[in-house]
Amino acid sequence: MTSFVKSLTFDCHDPLAVAAFWAAALGSDVDEDSTPDRAWVEPAGWGGPSIWFQRVPEGKQAKNRQHLDLRAMGPVSDERARLEGLGARVLDDRGDLVVMADPEGNEFCLEA
């Protein structure tokens with residue numbers, strides 16, 4: 001028997017706000033049973049892990065040891081602008097690879 005990735009979990013101060021960002025970024029919705037203490041986003045389409053967000057008292061301390069890599073379905077510059085409009089910020093722009101942070105500072109990459 002083997003295991004599979006059920007979910008990816010983020011620690012954060014405001015689970016509903018961070019879940020709303022990721023739901024919009026990934027074309028999904030925040031699950032209706034989410035609460036201010038825990039929220040989750042199911043993958044858009046079929047398959048893939050859920051993303052969980054759980055409230056913790058401490059803030060982010062250092063660079064993430066793991067992160068999501070997003071592939072833009074069109075021009076990277078267009079997707080970068082869309083994600084910034086949702087509340088992300090750019091940490092490093094290398095043209096076809098953009099390192100970004102979600103509203104609570106969790107890093108992720110956007111690539112072509």
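The values are calculated or read from the model by the stated rules, or taken from the named source; none is laboratory data. Not measured: the values here are computed from a predicted model. Heads up, the Cβs are rebuilt from the backbone with ideal geometry, glycines too, and the neighbour counts pull from every protein chain shown.
Here is how the numbers come out for the structure above:
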read-out: Test result for ASP96, assigned by TED's automatic domain parsing to the domain that holds GLU111, of a type outside the set (S, T, N, Q) and at negative phi; value: yes
read-out: Test: GLY45 is more than 19 Å from CYS12 (Cβ to Cβ), of a type outside the set (D, E, K, R), assigned by TED's automatic domain parsing to the domain that holds ASP11 and within 13 Å of the chain's Cα centre (by Cα); value: no
read-out: Failed item in (1) out of contact with any Leu (no Cβ under 7 Å at 6 or more places or on another chain); (2) not in a strand (DSSP E or B), with PRO36 passing the rest; value: (1)
read-out: Tabulated pairs, the stretch 86-103, first touching a residue at least 12 places away in the same chain (Cβ under 8 Å), second β-branched (Val, Ile, Thr), C-beta under 7 angstrom, 6+ apart or interchain; value: LEU91/VAL99; ASP96/VAL76; VAL98/VAL76; VAL98/VAL90; MET100/VAL90; ASP102/VAL18; PRO103/VAL18
read-out: Filtered residues of the stretch 71-111 (kept if assigned to a loop (DSSP other than H, G, I, E, B) and surrounded by fewer than 16 Cβ atoms within 10 Å (Cβ to Cβ)); value: MET73, GLY74, PRO75, ARG94, GLY95, ASP96, GLY105
